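Just dropping this structure here.
The values are calculated or read from the model by the stated rules, or taken from the named source; none is laboratory data. Everything quoted here is computed from the prediction, not taken from an experiment. Note that each Cβ is placed from the backbone with ideal geometry, even for glycine, and that neighbours are counted across all protein chains shown. Ligands, DNA and RNA are stripped out before the accessible areas are found, and what is left, the full protein with its side chains, is counted by its heavy atoms. Shrake-Rupley method; radii C 1.70, N 1.55, O 1.52, S 1.80 Å.
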Amino acid sequence: MADTGSPTKAAATLGLAQPALSAQLRRIDKALGGPLFDRDHTGARPTLLGGLVLERARVVLPAVSEFQEEAVRFANARGTMERFRLGGTHGPLLGGLVDRLVTAYPTAPVSTYTSWSGSEIAAQLVDGRLDFALIGACGESPPPANDRLTWQVIGVDPVFVMLPDSHPHAGGQELALAALADECWANVPGDGCFADCFFGACARAGFSPVSVYGTDTASVVHLVQVGRAVGLCRATFPPAPGLVTRPIVGSPLSWRHLLGRHPRSAAADAAVGAVSGHTRTAYAEAVKRSESYTR
């Protein structure tokens, strides 16, 4: 109510009917000993009591939220690394990490949760539903929940272009972005700044993309294989039939592979050295599998 200045706007922001919000406010007024707002046809303004409550609430509520998150995280965590709960946006790299953990810890269950949204995975890491997260970030942009989680950089790659092997430019060693000005594009959606960075790189190259298909990785590969679009991919993208990957001249786009954990997870803290080492090895193996990146 204080932020919007209006009961109607406050109810809409909270997704409540206005009578329900008014009933809640009456209960709060009664519990705290007086009205928190003066209300008339122009809106709502805090009373002196309301100002005091707001000042204290802006301090107390974040602390309560942090306490709730800590309790949920604690309830979902274990004291020792008897299992590995991994989240990731990187299929091949995540798969390589799983393979190495299963080999190194044959009695420890390994489970994975994947999503195109790094923010969704980070939220589960904050809640203690995951032990480690393997995500990506565009350029130098901060990872999600950067103030609550600990992130380390596993590798930094240029972004490559994915072409059908029949494409006129498929035989080149690298491509100028402007050479693909007339193409349709395909990419996996994300919740960071990559789309803005891509459009910015195209603008600097003197064109605007004809269209961009935002879809899952398998569909991106299919659209490229049938010649419907050219794709954007990490330089570590594994070989696939019917397509090639090529670097972009000047590497205008880059991608950071990040491994995250909660700083107050004792189990993750005990295993971070081993998991980090296995992740770096999986990344190095992914690099070697990409002929164009190795070259």
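May I ask you to give the percent of accessible area on the chain that is carbon plus sulfur, with a probe radius of 1.4 Å?
Values: 8630 of 15330 Å².
Whole-percent figure for carbon plus sulfur exposure: 56.
If packing is taken as the average number of other Cβ atoms within 10 Å across a peptide's residues, how do 187-195, 229-237, 48-56 rank, most packed first? Intermediate values should be presented prior to the final figure.
Values: 187-195: 17.7, 229-237: 24.0, 48-56: 14.0.
Top to bottom by mean Cβ count within 10 Å: 229-237, 187-195, 48-56.
Accessible area per residue, 1.4 Å probe, Å², for the chain: what's the number?
On the way: 15330 Å² over 295 residues.
Value returned for the chain: 52 Å² of accessible area per residue.
Using only the Cα atoms of the chain, build the gyration tensor, take square roots of its eigenvalues as a ≥ b ≥ c, and label the shape rounded, prolate or oblate: rounded if a/c is under 1.5, else prolate if a/b is larger than b/c, else oblate. Before the final figure, lay out each step's value.
Working: a/c = 3.16, a/b = 1.60, b/c = 1.98.
Cα axes put the chain in the oblate bin.
So, one more: With r defined as the distance between the Cβ atoms of Thr4 and Trp116 and R0 fixed at 41 Å, what FRET efficiency is calculated, to the nearest 0.05? Spell out each step's value before the answer.
Values: r = 32 Å, r/R0 = 0.79.
Efficiency, from the Cβ-Cβ distance: 0.80.
Sticking with the crude label model, points 7 Å out along Cα→Cβ, report the distance from Leu48 to Ser166 in nm, one decimal please.
The answer from the label model is 8.2 nm.
So, one more: As I understand it, the dipole of the chain uses +1 on the Cβ of Lys and Arg and -1 on the Cβ of Asp and Glu, about the Cα centre. Which of Gly227, Trp151, Gly200 lies farthest toward its positive end?
So the residue we want is Trp151.
On to the next question. Using just the Cα positions, wrap segment 154-295 in a convex hull and report its mean projected area in square nanometres, one decimal place. If you can, show how the numbers build up before the last one.
On the way: hull surface 37.1 nm².
Quarter of the Cα hull surface area: 9.3 nm².
Which of these, Leu259, Leu125, Leu243, has the largest mean-square fluctuation under a Gaussian network model of the chain (Cα springs below 10 Å)?
It is Leu243.
In addition: When only alpha-carbon atoms are used, what values of Rg and Dmax, in angstrom, describe segment 18-151?
Rg, Dmax (Cα atoms, Å): 22.4, 69.
Another question, if that's okay. Ordered by packing density, taken as the mean number of other Cβ atoms within 10 Å over each peptide's residues, highest first, how do 166-178, 262-274 rank?
Details: 166-178: 14.0, 262-274: 17.0.
Answer by packing, highest mean first, reads 262-274, 166-178.
Ranked from highest to lowest mean number of other Cβ atoms within 10 Å per residue, what is the order of the peptides 148-154, 127-133? Mind dumping the intermediate values first?
Values: 148-154: 16.4, 127-133: 22.6.
Ranking the peptides 148-154, 127-133 by packing returns 127-133, 148-154.
Taking a label point 7 Å from the Cα of Gln18 along the Cα→Cβ vector, which residues of segment 44-61 have an amide N closer than 16 Å to it?
Within reach of a label on Gln18: 44-45.
Hey, what does the equivalent ellipsoid look like for segment 1-47, semi-axes from the Cα gyration tensor as sqrt of 5 times each eigenvalue, largest first, whole Å?
On the way: eigenvalues 53, 36, 13 Å².
The equivalent ellipsoid of segment 1-47 has semi-axes of 16, 13, 8 Å.
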